[in-house]
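The structure appears right after this line, and notes come after that.
The values are calculated or read from the model by the stated rules, or taken from the named source; none is laboratory data. For clarity, every value in this text was computed on a predicted model and none was experimentally measured. All Cβ positions, even for glycine, are placed from backbone atoms using ideal geometry, and neighbour counts span all protein chains on display. The protein model used for the area step is the full one, side chains on, heavy atoms only, and it has no ligands, DNA or RNA in it. Shrake-Rupley method; radii C 1.70, N 1.55, O 1.52, S 1.80 Å.
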Amino acid sequence: MIGIGVIGYGYWGPNLVRNFANSKVSRVVSVSDLDPAKLETVSRQYPGVEVTTEFRDLLMNPEVEAVAIATPVHSHYNLALAALRAGKHVFVEKPLAQTSEQVRHLVEEAERRNLTLMVDHTFLYTPAVQKIRKLISDGALGDIYYYNGVRASLGLFQCDVNVIWDLAVHDISIIQYIFDEAPVAVSATGSCHVAGTPENMAHITLFFASSCVAHVSVNWLSPVKVRQTFVGGSQKMIVYDDLEPTEKIKVYDKGITVDGPSEVAHQLRIGYRAGDMWAPHLAATEALQTEVEHFVDCIRTSATPISSGATGLRVVEVLEAASRSIAAQGIPVRLGLPQRITELAS
């Protein structure tokens, strides 16, 4: 089994420890956190796990082969770089780092040392998103027209990143994963309602070379929690509600039909097609469990992770562009990305 060290036992760290500990392919060797009270909790729940307030203890421990980082975003780069230089494989909570320059350095360091670098884009490992990706790649939806995502809740307010780096990062990683086409530009607006803190609500538009468009709305000031996604195609449409206990995905055989020559717009007749709705069966597996086992498998086989460092880089580049657009009151920012994701593999 692969020995794992976890740095950070705050909001997400306990989930990582639990899933690595419950996996048949890994074991948690040590946990580091600056708060002794949190380490006491680790010792009570996992008596065989070493605890320390000094993260470098993990890096010097020969039993720790890989490090999982679940700390504030501003610390990701330094911690990940130190772990890579210590010869450890690295798993980092999203986003991978604060800037694309930092991410590039981490990717280069991992490649130079032949180590696995993976970012925790958990939604890519959910059965729901996996199913949506397959439906799109199989052509079941036809031409993709739009992606509309809404993520809202009351908090958690962050001090070092705004709401797009906290919530919209999920949708951006999903869009990158399920679409073959990459965005060519991004426009975003945001608002801050608490003095001295980053933007707590934002609206993002991703433009593509085709007619496809993606809208993402994120909000830390919502009275209710919302996690809804709509994907519309020329043949079928999908509603994905991550908060649904069952039937998270519903596929609608609905759409429009157009009669008349396209060059004469006023003569067009728009018809509406309404067919059946079906909810595909989804496996009842925890995404994070699937993800940590994928991380271990990539370490063993030297395979490229689904959410690799390169994937994390493209996500951060979009986040940076969205942040620049917010600062410029919504002016679109061009992205230097290939038009087709498949080009990245060539």
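Below are the figures for this structure:
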| quantity | calculated |
| --- | --- |
| Positions within segment 295-308 being open to solvent by 40 Å² or more (accessible area, probe 1.4 Å) and assigned to a helix (DSSP H, G or I), in sequence order | ASP297, ARG300, THR301 |
| Members of segment 1-35 found to be open to solvent by 70 Å² or more (accessible area, probe 1.4 Å) and part of a helix (DSSP H, G or I), listed by number | ARG18, ASN22 |
| The lone exception for ALA168 - which of (1) surrounded by 18 or more Cβ atoms within 10 Å (Cβ to Cβ); (2) over 14 Å from the mean Cα position of the chain (by Cα) it fails | (2) |
| Qualifying residue in segment 91-99 (condition: touching a residue at least 12 places away in the same chain (Cβ under 8 Å), touching a strand residue (DSSP E or B) at 6+ places or on another chain (Cβ under 7 Å) and farther than 18 Å from GLU320 by Cα) | yes |
| Residues (in a helix (DSSP H, G or I) and either in contact with a Phe, Trp or Tyr (Cβ under 6 Å, 6 or more places away or on another chain) or open to solvent by less than 50 Å² (accessible area, probe 1.4 Å) (or both)) located in segment 134-160 | LEU135, ILE136 |
| Tally of residues being within 16 Å of ARG324 (Cα to Cα), assigned to a strand (DSSP E or B) and out of contact with any Phe, Trp or Tyr (no Cβ under 6 Å at 6 or more places or on another chain) across segment 182-215 | 13 |
| Qualifying residue in segment 120-129 (condition: touching a Lys or Arg at 6+ places or on another chain (Cβ under 6 Å), acidic (Asp, Glu) and at negative phi) | yes |
| GLN176 open to solvent by 20 Å² or more (accessible area, probe 1.4 Å), closer than 17 Å to ALA321 by Cβ and in contact (Cβ under 8 Å) with a residue 24 or more places away in the chain | yes |
| Out of ASP160, ASP171, sole residue that is of a type in the set (Asp, Glu) and farther than 19 Å from GLN130 by Cβ | ASP160 |
| In segment 63-103, residue nearest to MET118 (Cα to Cα) [restricted to those that are in a strand (DSSP E or B) and either of a type outside the set (A, V, I, L, M) or open to solvent by 40 Å² or more (accessible area, probe 1.4 Å) (or both)] | PHE91 |
| Test result for LYS38, open to solvent by 10 Å² or more (accessible area, probe 1.4 Å) and farther than 13 Å from THR71 by Cβ | no |
| Residue in segment 212-229 that is of a type in the set (Ser, Thr, Tyr) and touching a His at 6+ places or on another chain (Cβ under 8 Å) present | yes |
| Number of the condition not met by ARG85 [criteria: (1) closer than 27 Å to ARG314 by Cβ; (2) free of Cβ contacts under 8 Å to residues at least 24 places away in the same chain; (3) of a type in the set (Lys, Arg)] | (2) |
| ASP253 open to solvent by 40 Å² or more (accessible area, probe 1.4 Å), at pLDDT 95 or above and not in a loop (DSSP other than H, G, I, E, B) | no |
| Number of the condition not met by ILE164 [criteria: (1) at pLDDT below 95; (2) farther than 30 Å from GLY87 by Cβ] | (1) |
| Residues located in segment 136-147, provided they are among the aliphatic types (A, V, I, L, M) and either under 25 Å from VAL292 (Cα atoms) or out of contact with any strand residue (DSSP E or B) (no Cβ under 7 Å at 6 or more places or on another chain) (or both) | ALA140 |
| Single residue of segment 224-250 satisfying the filter (assigned to a loop (DSSP other than H, G, I, E, B) and surrounded by fewer than 17 Cβ atoms within 10 Å (Cβ to Cβ)) that is nearest to the chain's Cα centre (by Cα) | LEU243 |
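This table checks each residue for (1) out of contact with any strand residue (DSSP E or B) (no Cβ under 9 Å at 6 or more places or on another chain); (2) modelled with pLDDT under 95.
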| residue | (1), (2) |
| --- | --- |
| MET277 | no, yes |
| ALA283 | yes, yes |
| LEU288 | no, no |
| CYS298 | no, no |
| SER302 | yes, no |
| ILE306 | no, no |
| VAL318 | no, no |
